[in-house]
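Structure record follows, encoded as structure tokens.
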Amino acid sequence: TGSITVNDLADRMATPQTEIIKSLFFKGIATNVNQTLDLPTAKMVAEEFGIEVETTEEESEARKVTEMLDEADLENLHQRPPVVTIMGHVDHGKTSLLDYIRQAKVAQGEAGGITQHIGAYHVDLEQESGSRQIVFLDTPGHEAFTAMRARGARVTDIAILVVAADDGVRPQTIEAISHAKAAGVPIVVAINKIDKETAQPDRVKQELMEHNLVPEEWGGDTIMVPVSAITGESVDTLLEMLLLVSEVEDLHANPDRLARGTVIEAHLDKARGPVATLLVQNGTLNVGDAIVAGAVFGKVRAMIDDRGDRVESTLPSFAVEVLGLNDVPPAGEEFEVYADEKEARAAADARAVEQRQSRLQQAMASRRVTLNSLS
Ligand code: GDP
Ligand code: MG
């Protein structure tokens with residue numbers, strides 16, 4: 001089913017639970033025995049203990065549908081836009097590319113033409129088959145991946161790997177590749193800065209081959225598009241490729257149910273109180289919904305989209321700023337809508353108790369680690 005509890009993993013590996021918790025702890029992932037891990041994380045741990053992992057067909061299929069879908073949703077699936085994250089080495093042009101796409105694609109023909117910085121924005125693309133959308137997360141890709149891996153959630157459908165054509169593959173490029181691969185997220189490579197005289201796109205392709213990313217034109221299956229985030233050259237091609245990959249990935253959700261998804265970012269606003277950007281991953285989020293994100297709960301008082309407009313509802317794959325929570329939830333936390341506020345409050349309270357317990361367990365686990373390392 002795409003995930004496994006620490007407890008079950010320990011059983012299957014015939015390894016003490018504490019060893020697994022310790023291994024995760026050193027990766028910055030805090031867990032307890034009942035917490036579920038996604039398969040890439042479980043695999044990573046097992047391999048560290050020298051255990052080969054085979055995932056069955058069924059499991060990898062289930063992962064494709066994402067953990068946000070229930071059995072019942074399968075009866076009412078609708079296509080949803082891809083959610084895209086940009087990753088890559090520092091200064092290779094991640095921010096420039098996001099900014100270029102935002103300005104070129106969002107400003108066109110829209111009143112105001114300015115996007116709000118809510119941590120995500122969408123673009124509308126006119127295709128022969130009709131209008132299509134792509135949602136970009138503009139939180140740093142590495143952080144988004146780390147947060148989501150720690151919680152076993154998957155917020156990104158496609159990763160754009162930006163590699164500067166005048167600099168090539170660098171440490172954070174390699175890190176980005178392993179993050180995306182571990183999460184099972186397809187990579188589209190943007191070979192950036194091709195406007196520069198010193199650009200060597202073929203050298204970049206060669207270097208990427210050493211990390212098992214083989215360009216399509218050389219017989220592989222990785223799409224690589226040479227672009228310039230400054231002149232905008234071939235950015236349209238890049239966007240089309242994202243739509244292509246998204247079709248292959250077969251992205252679906254059931255809009256006719258209570259929403260669930262992930263907190264992208266959140267902060268305390270002096271005037272408005274806790275403000276959270278939520279990515280809706282299944283169902284439709286409505287004003288007035290009773291919502292729970294970990295130990296935080298509330299009633300959606302208002303929603304503001306990435307164009308700065310107040311909206312009444314938000315569909316799957318879209319991000320929206322939400323007001324009305326009782327506290328600031330951590331980024332990466334999953335949220336869920338409950339039938340009423342009373343239920344929501346009860347769920348959040350139960351979660352708060354759980355969190356206190358697991359913090360206690362962790363404190364004890366880390367003490368044990370310290371003692372072990374002394375002996
Ligand atoms: P980030 O650290 O990956 O977000 O990189 P930035 O977007 O901040 O870009 C780093 C530097 O590279 C800035 O000075 C950009 O103006 C420059 N830059 C980004 N993309 C391009 C490009 O396509 N061509 C050229 N010539 N410069 C670029
Ligand atoms: Mg940047």
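What follows draws every value from the coordinates through simple rules; no lab data is involved. These numbers come from a predicted model, not from an experiment. For neighbour counting, all protein chains shown are included, and Cβ atoms are generated from backbone atoms with ideal geometry for every residue, glycine included.
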In Hz, Karplus ³J(HN,Hα) per residue of the stretch 36-41 (6.51, -1.76, 1.60; θ = phi - 60°; x = Gly, Pro): 8, 10, 6, 4, x, 5
Residues of the stretch 85-99 with amide N under 17 Å of the 7 Å Cα→Cβ point at Glu216: none
Which of the peptides 220-231, 292-303 is most tightly packed, and how do the rest follow, going by the mean number of other Cβ atoms within 10 Å of each residue? 292-303, 220-231
Along the Cα→Cβ direction, 7 angstrom out, place labels at Asp202 and Leu74. What is the inter-label distance in nm? 4.9
Sequence gap of 8 or more, or different chains, plus Cα separation below 17 Å: how many lysine pairs satisfy both in the chain? 12
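Just want the ordering: Met87, Met44, Met209, from fewest to most Cβ atoms lying within 10 Å of their own Cβ. Before the final figure, lay out the partial values.
Working: Met87 25, Met44 19, Met209 15.
Result, fewest neighbours first: Met209, Met44, Met87.
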Pop the C-beta distance of Arg367 and His117 into the FRET formula with R0 = 56 Å and round what comes out to the nearest 0.05. 0.85
For Phe335, enumerate residues with amide H under 5 Å from its amide H, sequence gap 5+ or separate chain, H modeled in the peptide plane. Gly261, Thr262, Val263
Output wanted: per-residue J couplings in Hz (rounded whole) for the stretch 220-233, from phi through Karplus 6.51 cos²θ - 1.76 cosθ + 1.60, θ = phi - 60°, x for Gly and Pro. x, 10, 9, 6, 10, 10, x, 9, 10, 6, 8, 7, x, 4
Amide H neighbours of Leu251 under 5 Å, counting only residues 5+ apart in sequence or on other chains, H built in-plane at 1.01 Å? Arg80
Protection-proxy order for peptides 326-335, 257-266, each taking the mean of Cβ atoms within 10 Å per residue, highest first: 257-266, 326-335
What helix-only [θ] at 222 nm does the chain give? Using -39500 (n - 2.57) per DSSP H run of at least 4, over all residues, to the nearest 500, the answer is -11000 deg cm²/dmol
Set of the stretch 203-239 residues, backbone N closer than 20 Å to the point 7 Å along the Cα-Cβ line of Lys181: 203-225
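Could you order peptides 170-176, 37-43, 189-195 by the average number of other Cβ atoms within 10 Å of their residues, highest first? Numbers along the way, then the final one.
Values: 170-176: 17.7, 37-43: 22.1, 189-195: 25.4.
Highest to lowest by the protection proxy: 189-195, 37-43, 170-176.
Taking the Cβ of Asp91 as the center, what net charge do the other residues with Cβ under 11 Å away carry, scoring Lys and Arg +1 and Asp and Glu -1? Don't skip to the answer; put the middle values down first.
Details: positive: Lys94, Arg170, Lys193; negative: Asp166, Asp167.
Net charge around Asp91: +1.
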³J(HN,Hα) across the stretch 346-363 via Karplus (A = 6.51, B = -1.76, C = 1.60, θ = phi - 60°), whole Hz, x for Gly/Pro? 4, 5, 5, 5, 4, 5, 4, 5, 3, 5, 4, 5, 6, 5, 5, 4, 5, 4
Pairs of alpha-carbon atoms within less than 8 angstrom and 6+ residues apart define the contacts here; what relative contact order does the chain have, in percent? 16
Within-15-Å neighbourhood charge of Leu161 [Cβ basis; K, R +1; D, E -1]: -3
